[in-house]
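Structure first, commentary second.
The values are calculated or read from the model by the stated rules, or taken from the named source; none is laboratory data. All figures in this text were calculated on a predicted structure; none of them were measured in a lab. All Cβ positions, glycine included, derive from the backbone under ideal geometry; neighbour counts span all protein chains shown. Note: areas computed on protein heavy atoms with side chains; ligands, DNA, RNA excluded. Shrake-Rupley method; radii C 1.70, N 1.55, O 1.52, S 1.80 Å.
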Amino acid sequence: EKIISHVKPKFKLAIRFAAYTGLRQGEQRELRWKDINFENNTISVHRALQRNKKGIPLVGKTKSINGQRVVPLNTFLANELRQLSIAQGRPDSDKLVFINDDNNYMADRTLRRQLTNACKLAQVKKIRWHDLRHYYASKLLEIYGKDLHKVTTFMGHGNIETTRKNYGHWLEDKERNAEDVAKLDAAFSL
């Protein structure tokens with residue numbers, strides 16, 4: 001939240017969304033209102049924005065077949081998304097959720113620049129957009145502990161070994177770092 005407080009208002013939700021859902025940037029940028037189920041507080045991930053060889057954005061598949069998944073949406077984030085929908089004039093279900101001033105895709109470099117500038121203003125170490133996904137993974141491991149199947153599913157990994165390889169050390173260090181987790185929770189709590 002220290003970083004979020006230094007982000008321009010129109011980008012705050014995009015950054016918070018990335019940290020609280022673990023969606024890859026291309027998945028988030030291609031997210032449409034029809035992909036959000038407010039009754040069940042879930043997000044269906046089916047597509048991702050990719051670039052062709054000329055750098056032109058194209059709608060494509062997720063990184064893997066496992067990238068097509070349903071991700072839980074916490075109540076706080078669901079409420080912020082409802083407010084965004086109202087602010088956008090309750091757009092058609094096929095419209096993008098995160099848009100630029102021209103009602104088109106937010107540029108990936110714009111999102112990265114916002115995050116970099118916020119880190120600088122907050123006087124914290126620079127983080128990459130993908131680090132927001134790692135933050136989400138760390139929270140999943142904290143919540144679900146050793147249920148790597150659930151973590152793997154929410155992250156959209158191809159198999160448990162990918163999750164174990166990328167995040168297993170956090171499980172091993174969990175007891176040793178209980179104090180650090182409490183400090184992180186306090187630092188990032190809303």
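Accessible surface of region 41-87, 1.4 Å probe: 58 percent of it comes from carbon and sulfur atoms.
Highest-first packing order for the peptide set 96-104, 37-45 is 37-45, 96-104, based on the mean count of other beta carbon atoms within 10 Å. Remark: the chain carries a charge dipole of roughly 800 debye about the Cα centre, counting +1 on each Lys and Arg Cβ and -1 on each Asp and Glu Cβ. Look at the alpha carbon pairs under 8 Å that are at least 6 residues apart: their mean separation over the length of the chain gives a relative contact order of 27 percent.
Per-residue Karplus couplings for region 131-136, computed as 6.51 cos²θ - 1.76 cosθ + 1.60 with θ equal to phi - 60°, are listed in order as 5, 5, 5, 5, 4, 4 Hz, Gly and Pro entered as x.
Within the accessible surface of region 129-171, defined with a 1.4 Å probe on protein heavy atoms only, the carbon and sulfur portion equals 57 percent. On full extension, the segment bounded by Asn100 and Lys10 gains 31.5 nm, given 0.36 nm per residue less the C-alpha separation.
As a check on your grasp of the helix formula, calculate [θ] at 222 nm for the chain: sum -39500 (n - 2.57) over DSSP H runs of n ≥ 4, divide by the residue count, round to the nearest 500. Spell out each step's value before the answer.
Working: 8 runs with 94 residues, N = 190.
Theoretical 222 nm ellipticity from helices: -15500 deg cm²/dmol.
Taking a Cβ cut-off of under 11 Å around His46, the surrounding Lys, Arg, Asp and Glu residues balance to a net charge of +2, with basic ones at +1 and acidic ones at -1.
A straight line joining the Cα centroids of region 24-55 and region 70-126 runs 12 Å. Packing-based ranking of 75-86, 22-33 yields 22-33, 75-86, ordered from highest to lowest mean Cβ neighbour count within 10 Å.
Going down the table (Lys126/Lys150; Lys95/Lys120; Lys34/Lys126; Lys54/Lys95), which pairs top 27 Å between alpha carbons?
On the way: Lys126/Lys150 30 Å; Lys95/Lys120 33 Å; Lys34/Lys126 33 Å; Lys54/Lys95 25 Å.
From Lys126/Lys150; Lys95/Lys120; Lys34/Lys126; Lys54/Lys95, over 27 Å: Lys126/Lys150; Lys95/Lys120; Lys34/Lys126.
In order along region 90-102, the Karplus-derived 3J(HN,Hα) couplings, from 6.51 cos²θ - 1.76 cosθ + 1.60 at θ = phi - 60°, round to 6, x, 4, 4, 8, 7, 5, 7, 9, 10, 8, 5, 9 Hz, and Gly and Pro are given as x.
How much accessible area per residue does region 30-177 have, in Å², with a 1.4 Å probe?
On the way: 9000 Å² over 148 residues.
That works out to 61 Å² for each residue.
In this structure the amide hydrogen of Arg32, modeled in the peptide plane, comes within under 5 Å of the amide hydrogens of Val97, none closer than 5 places in sequence on its chain.
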